[in-house]
Every structure is written in structure tokens, then in C-alpha cells.
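Heads up, the thing below is written out as C-alpha cells.
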Amino acid sequence: MTKFKLNRLALIIGASLLSNLAIAADENLEAEELKSDKQKLEVIEVTSSGRSTIATKTAMNITAMGEEELRRKNIADIKSLIKDSTVISSPGNSSRFSDSVTVRGLNVANVNANNLERFTTSTLAYYLDSTPLPNIAYRIKDVARVETLLGPQGTLYGGGSLGGTVRYVTNKPQLGEFQFDFNTSVFQVKEGSISNDTDVTVNVPVSETVAMRLNVARLDDRGFTDRKMNAVWLEDNETRFGSPDRGQELYKDDDWERTDSTRIQLLWQPSDDFKINFSNIEQDQLAHGTRGASLWDVDEACAAQGLGGDECTYTPPTAPLQVDEYTLQSVHEEYSDRGFSMSSIDLDWSLGFAELSSSTSYYTDERVGQGDYLGEGYIYYGWIDGLGPDQTRESAYMTFDNSNEGISHETRLTSNSTGQFSWIVGIYYTDTDSSLKFWEHFRGLDDAMFDAWGGFDANDLYPNRKEGDIGYFEDISSSYMELALFGELSYEITDAWDVTVGARVFNWEDKAYKNISDYTGAIGITEDTSTDEGNGESIFKFNTSYDINDDNLLYFTASEGYRRGGTNGFRDEDGLTVKESTQRFEPDTTTNYEFGYKGYMLDKSLYLQANIFQIEWQNTQTYYDQTLGGIFPLNGTANGPDSESKGFEMQLRYSITDELTFKLSSATSEAEFTETKTVCLYEGADDMPGQECSTWLEGDKLGGAPKWRHNASLDYSTELGNGYLGANLRARYTDEVLSGRQTRGEDPFIFEAYTTFDASITYGVDNWNATLWVDNLANDLTQTSYQRVAGPWGYRSINQRPRTIGLNFSYSYY
């Protein structure tokens, strides 16, 4: 990459300019130009290209889903948005988990549920208006639209991305207009309790130049998965004491969620050319329990059925259910309590020759929680006299405390010229801090260690623990700063042919802090701080488009993406020294090539958007671990071999009649390593014993995404009485998925292919409408994820959400 040095004093210029790249959507813009004699087609304005454009006429891979469609599909969070996508994949776990996300096959993390946020990865970037976030659990309420951009976006956005960007664009205050919106949904999951999701929005014109907008939302999801404390094969004298009640055996509908959110905005617009918008967002989410079903331990299942030797053909994922599809076994309570807050000031100023947009925001994202650690506890501590499974009825659990906070600033100028040249230039600055902590708890550990090893004060050996009976503590923290210049220059060669080139140049500084302690002696206490300063990096983009006519265009894009590196917490052990190249993993990059088409046919009754792509992934970051003391896994990341992803994506919309529309989205991708590479942990000859080497083979599949996904729907709408009637039927097909990467050509566990069906019917009059809907009509419970439970304690199968029936009601006054 080209080296480039930036002057940090440039921040002084940008810091005085406040923000908003986002411009409110007007979904009716140019509608008259885009409707045929028979059918008015969907038209959504987007701003992710840096200008207000129509999604269907933008020469890049961008799609948008408007507020009405989001509500009709019951998409209220990032998990449901990804479930509806054909190009973005995640395992679809309970709300308490952060998920590894795969975009166009780009991912090498396991597709499972993991209590530790550090072990989830994403090649997708998240934006809330103009603010990039490390993850986005913010619920989709009073959101004008969600824009999805595929491919690296570093020359349009300061934060950049490897595989794509999802951007929530919120509704903004409106001058001179009082508005009141009320929306509520009452729903019930099969085997669950009645739940509710409600939000209220009020827009108040304070004066001719000032307006305020307030949105308040509450989700009360009562859950459907029961938690059984003990495995079914345990005798009474073998059962464990759990939490929160040591005597309670069954907890009904334990996977519930309560989320409260508010967003208040204040707009000052003294003229048509200038406006400032202040926004404050608060969201509190308590996601309790785990969705899934627990299976028998293989040996216990075979013994109970009298099967031995070759007769026992069960594997952990195929063993019988302990109870049923709606019951999970967990000794200890599990939850994630998350608080998100963000304040921002956005400025838009029309300067005549250009539009100035500037955004400054500060956010905090904190998550504390607890997970069951039954199997891991006995593996790591059960060998200590007094803590064996036949010696105590206690068991282990883990707690975590994760935090992210940062300031983000972005200022850009977008030209208003009507000539052949147009341009966008911007400056971006971010300063973020993160800390990922977790502890392992086992009641009675201190006493067992005291008795087994001759008596000592555990606090002398382990000063970092927050309370007694903690055997392990880990804190991986980071402080990251980045300053970037980015921009694009477009040239109109002819009225039909455009060329755009873009670049992003940036400096960054990353400081990492590691504190890993285990007073059993296998690891010891370690504190390490490392700093890595960039001397200037750059990425580039090239795009060209050709308008065949007013309704059809072709485009080609070549763009680069970049992801920061980081540090591991690996330890020198038994005279072996960890390599510096393994202790710190380097940034990885992508180069994306894409050729696409967008256009209308058949008198504009058919819209088609299709593309083929190839992504070259250099220095691929992949998961890697160290085994300490022959027992303890210490997880991290390494730079594996280069890899590649190829695929095809398509969306079409066909108006069969004035009242009936058919939609289809399809995507396929295949990602694999393109070379063979071996990474060894310690210094010295790589063929020495104990090197802990990992080898990735050319041709091994990366996993994490289905080979094919198809979404199809039929939409019907007509006038009925004084109102209108709408009906929708949707089908989603997901091909089988490798649960992780291939290892030396051998497949990991494979999730089966499945198809689900959803349906809805809506009736509305004037300012109100009601929708009756059903998700997962056939109650298909195909497995989509899992959670490993170590040792002989059964396997957690995480399946599709069961059939859900709901009624939505909306009322608007304006």
C-alpha cells in the first residue's frame, strides 16, 4: 500500500464543523417519471453514495428497504435484517449473543453461539446515520430506511469496510408539521407467552425555524424456551446447585428480552441553506436466557438405550432431545445486560458550489452478563481434589464486562457543479477505547486449592479478581485513533458514460493492553502493552457506468477494503518464546471486482438488478489458539493464507398486474483459501516439537455462508370499501452451511438446507392500518447454530424461531 503522512493539525479545521451526511428520504421523488401506464413502482431515495439518488439508478451495489417494508416484514433489529438478506449471513442466535457475520462468503469464524464477544467477527461495517459503530444492536425504530452497500466503501465513508456496509438512516425533525405516530405489535411464539413491541413518535414544530422529534419504544418479548437446570440422566445425588434459585429446577419461557429506547432530536434551520440537528439516543436491553434445545450426551444416551460399541451411532448433534425442541439445560442463569448511548451534532450547509455535511458523535456501548460454564468448569478445575463432578454439586459459570466508547467526526464537501466534473472530499477522525473482560467462577475453588496445595492466600497470587472463587481473568483492551482523508472524482465522458476514481489515505495508532491471570499456575499473571503506529496507508476505487438508455445501466467497480490488525494474549511457556509475528496479527485487505446491471424492461413492469463479483482477500485474519499447560485454550487471531470469494447476486421485481407483484432475490458465493500456509506459535525451527503449528490448505472452504439463498414473495394490494387491502406471501430458501472452515479438506459440521414461509394480510383506512402476520408458517425447526458444551453434558442445538403469530396496529396523525 502507498505510504502517506497526514498532518494531525488538519483536525482543527474539521472539528469546528459538526454533522449530518444523512438527508431525509423522499420516497416519492421522481415517482411520476418511474411509473408505467399500469403500475407505480417502488422508488426509494438513498444518500449512501454521498448524494441523493434513486437506488435503482445508482451505479453501485446498493439496495434500500423503506420504513413501510421494514414494518411489514417485522424487521426491527440487525438480526432480523440479516435473516431477510440473501448476501449477508449470521447464525441467528438469541439476542444476548453477538454474532459472527459473513458477507459474500468473507468470514472464517465458526458459525455458533459464543459467550465471549472477542471471538465473534464481522466483515460488515455498521453505520447509524453518519456514525460508524463496532456493532449495531440499536433497534430499527422511526428509521426512514436501511441502506445496504456491498463491497468495500472506504472512499465514501471514513470508517471503511472489508465486505460491505449497513446504514440505518433515521427520520429527522420536520419544520411546520405536527406529527404523531403510534405502532404496536402483539405476538406469540409457539410454546411461548404473549409479547408486545410498541413505539410512539411525536414531531413538534417549536417555531418557524426549530422542530423537535421524539421516539420512545419498548419491546417486551416474553420468550418461549424453558430452562431445565439439570441434565435428565442425573440421579438426585448428582444434580447441581444452580442460579438464581439453588432449589428451582425449571424456569418457564426463560429466553425473554426487554428493551427500552428513546431518541430525541432538535433541529434548527434558520434558512433553506443551513441546518443543525442535535440527537441523543439511549437504549437499555436485557436479553435473558438462550434459545435452543439440549440433547443427550452421546455416552449417556447409548447407555440408557443399552447400545454399545458399533451399535452406538449417535454424534453430539444427532443425539436425542433431553426434553423437547423448546427446552434447554443450563445450571446457571444466562443473560446480557446492555446499555447504548450516543449523542451527535449534525450540520448541513449549502455553499452554492458545494454541500457541506459534517457529523460529530460520542457513543458508549456497555455489555455485562453471565453464561453457564458447566462443562468447561470441570475440564479446567475438575481435576482439583474436591471439585470433581462426583465430589461437589457446584459447577462453574462465567461473567463478562465488555465496553466500547469513542468519538467520531466526519466532514465532507460534495460538489454542486453541473459540468462534466463532480467530486466528494472528506476528513474523518475517530478515537475509540474498548475493553473485553471475562471471569471464570467456581464456588468452593479457594477452599479446594487451599486444601490441595498446602494452604495459601489466593489473593496474593491473583490480585486482579473482583471476588473469591475466581480461577481465571482476562482483559483484552485497545485504544485506537485514526485520521483519514477520502474522496471521489467523477468525470462525465459523454451523457451516457461516467468514470469515477476514489482514494482514502490514513494514519492510525493502536495501543493494546493484555491482562491474563490464572492462579492455578498454568498461566500466571501477565500484563503487556503494545503500540503499533501506521506511517500512512491508502486504498483506492475505480468505477465506470454506462447508461444504455434512461431505464438501463451497466457498471463496473474495482475497490479496496482494509481492516485493522491487533494483538493476542499468547504466553511464553516451558522455555519457548512466542513469535512477535504471531503475537501481533497484521491488517488484512480485500480487492473487490464487480460487474453489474440495473434496469427496467417490459414497459417498466419488470425491474432487474444483477451482478457478478470476485473478491481477493489478502493476509486473511483467521482464528488461532494456544494450549497452555496442556489444558487451557487461549484464543486469538493469526494471518492465514490469502483467500478468494466469487459469486452472483440478483434481484427482480415483476408487476404481474396492477394489483399483483412478484419479487425474487438470489445470491450464491463460494470462498476458499488460495494458497497453503503454516503458522507456528513459537520462535525456533518450525518442525520442533511443541511448536503448535496450524496449516491451512489451498482449496479449503471458509464456511459460514450458504452456497445459495433465495427469497421470493407475492404482494397483492387493492381498494376495499373506504380503505385498502394488502396481502403478502414470502418464501426463503437457505442452502446447507459449513459451520466453520474446512481443515485439511475435512468438512466441519454442516447445517442442513431449509425453506421457511411467512404470510401477512393488511387492511387500512385513512390514518390507521392493521396487519395480521405469521412467520415460519410450517414451524420448521431446522438447526441454524449451536453452542458447544464441553465434556459429557450434552449439546445445545439452536434452531429457527418457531411459528410466530402477531397483530400489528399503526395510527398516524399529521
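The values are calculated or read from the model by the stated rules, or taken from the named source; none is laboratory data. Being a predicted model, the structure only gives us computed values, none of them experimental. Neighbour counts run over all protein chains shown; Cβ positions are idealised from the backbone, glycine included.
Details
Results for (1) at pLDDT 90 or above; (2) surrounded by 14 or more Cβ atoms within 10 Å (Cβ to Cβ); (3) farther than 29 Å from VAL101 by Cα, shown as yes or no for each residue.
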residue	(1), (2), (3)
ASP603	yes, no, yes
GLN626	no, yes, no
ARG653	yes, yes, no
THR668	yes, yes, no
TYR682	no, yes, yes
SER694	no, yes, no
LYS701	yes, yes, no
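- Neighbours by Cβ (under 7 Å, 6+ apart or cross-chain): first from region 562-573, farther than 13 Å from ALA638 by Cβ and charged (D, E, K, R); second in a loop (DSSP other than H, G, I, E, B) and at pLDDT below 80: ARG571/ILE523
- Options ARG801, ARG796, ARG741; residue that is buried (at least 20 other Cβ atoms within 10 Å of the Cβ), among the charged types (D, E, K, R) and touching a Leu at 6+ places or on another chain (Cβ under 6 Å): ARG741
- Residue in region 337-371 that is surrounded by the most Cβ atoms within 10 Å (Cβ to Cβ), counting only those that are aromatic (Phe, Trp, Tyr) and modelled with pLDDT of 95 or more: PHE340
- Within region 621-646, the set of residues being within 30 Å of TYR597 (Cα to Cα) and part of a loop (DSSP other than H, G, I, E, B) comprises just one member, ASP642.
- ASN416 touching a helix residue (DSSP H, G or I) at 6+ places or on another chain (Cβ under 7 Å) and either in contact (Cβ under 8 Å) with a residue 40 or more places away in the chain or within 30 Å of ASN635 (Cα to Cα) (or both): no
- Breaking point among (1) farther than 25 Å from SER122 by Cα; (2) at pLDDT 80 or above, for TYR519: (2)
- Screening ALA610 with (1) over 21 Å from THR500 (Cα atoms); (2) part of a strand (DSSP E or B); (3) small (Gly, Ala, Ser) gives one miss only, at (1).
- Search result, residues across region 551-597 that are modelled with pLDDT of 90 or more and of a type in the set (Val, Ile, Thr): THR557, THR589, THR590, THR591
- Look at region 373-385: where a residue is touching a residue at least 24 places away in the same chain (Cβ under 8 Å) and within 11 Å of VAL789 (Cβ to Cβ) and a partner is of a type in the set (Ser, Thr, Tyr) and in a helix (DSSP H, G or I), sitting 6+ places away or on another chain with Cβ atoms under 9 Å, you get TYR373/TYR380.
This table checks each residue for (1) part of a helix (DSSP H, G or I); (2) buried (at least 17 other Cβ atoms within 10 Å of the Cβ).
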position: ARG412; (1), (2): no, yes
position: THR418; (1), (2): no, no
position: TRP423; (1), (2): no, yes
position: ILE427; (1), (2): no, yes
position: THR432; (1), (2): no, yes
position: HIS441; (1), (2): no, yes
position: ALA448; (1), (2): yes, yes
position: ASP451; (1), (2): yes, no
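Conditions tested, residue by residue: (1) at pLDDT below 95; (2) assigned to a loop (DSSP other than H, G, I, E, B).
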| position | (1), (2) |
| --- | --- |
| ILE136 | yes, yes |
| LEU149 | yes, no |
| GLY154 | yes, yes |
| GLY159 | yes, yes |
| THR165 | yes, no |
| GLY176 | yes, yes |
| PHE182 | no, no |
| SER185 | no, no |
| THR198 | no, no |
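- LYS707 meets the stated requirement of being charged (D, E, K, R) and farther than 28 Å from ASN635 by Cα.
- Of the residues making up region 560-590, those that are out of contact with any Pro (no Cβ under 8 Å at 6 or more places or on another chain) and closer than 30 Å to ALA59 by Cα number 3.
- For region 346-382, the tally of residues that are within 25 Å of PHE486 (Cβ to Cβ) and among the small types (Gly, Ala, Ser) stands at 7.
- Just one residue in the set ASP310, ASP297 is surrounded by 22 or more Cβ atoms within 10 Å (Cβ to Cβ) and either of a type in the set (Phe, Trp, Tyr) or modelled with pLDDT under 95 (or both); that residue is ASP297.
- Failed item in (1) assigned to a loop (DSSP other than H, G, I, E, B); (2) under 28 Å from MET481 (Cβ atoms), with GLY386 passing the rest: (2)
- Subset of region 241-259 [assigned to a loop (DSSP other than H, G, I, E, B) and buried (at least 20 other Cβ atoms within 10 Å of the Cβ)]: GLY242, ASP253, ASP254, ASP255, TRP256
- For region 63-94, a residue qualifies if it is touching a helix residue (DSSP H, G or I) at 6+ places or on another chain (Cβ under 9 Å), surrounded by fewer than 23 Cβ atoms within 10 Å (Cβ to Cβ), at pLDDT 85 or above and not in a helix (DSSP H, G or I), and the qualifying residues are THR63, MET65, LYS73, ASN74, ILE75, ALA76.
- Pick from region 171-194, criterion surrounded by fewer than 20 Cβ atoms within 10 Å (Cβ to Cβ) and in contact with a Lys or Arg (Cβ under 6 Å, 6 or more places away or on another chain), ranking: nearest to THR327 (Cα to Cα): LYS190
- Residue in region 490-500 that is closer than 17 Å to ILE424 by Cα, at pLDDT 85 or above, out of contact with any helix residue (DSSP H, G or I) (no Cβ under 9 Å at 6 or more places or on another chain) and charged (D, E, K, R) present: yes
- Positions within region 732-772 being assigned to a strand (DSSP E or B), charged (D, E, K, R) and touching an Asp or Glu at 6+ places or on another chain (Cβ under 6 Å), in sequence order: ASP758
- Yes/no for GLY704 being more than 28 Å from the chain's Cα centre (by Cα) and part of a loop (DSSP other than H, G, I, E, B): no
- Qualifying residue in region 325-336 (condition: under 30 Å from PHE751 (Cα atoms), of a type in the set (D, E, K, R), in contact with a Pro (Cβ under 6 Å, 6 or more places away or on another chain) and surrounded by 15 or more Cβ atoms within 10 Å (Cβ to Cβ)): yes
- Cβ separations smaller than 7 Å between residues 6+ apart or across chains give the following pairs from region 794-810 residues that are outside any strand (DSSP E or B) to residues that are small (Gly, Ala, Ser): GLY794/ALA231; GLY794/SER294; TYR795/ALA319.
- Taken residue by residue, region 292-303 has at least one member that is under 24 Å from TYR138 (Cα atoms) and touching a residue at least 12 places away in the same chain (Cβ under 8 Å).
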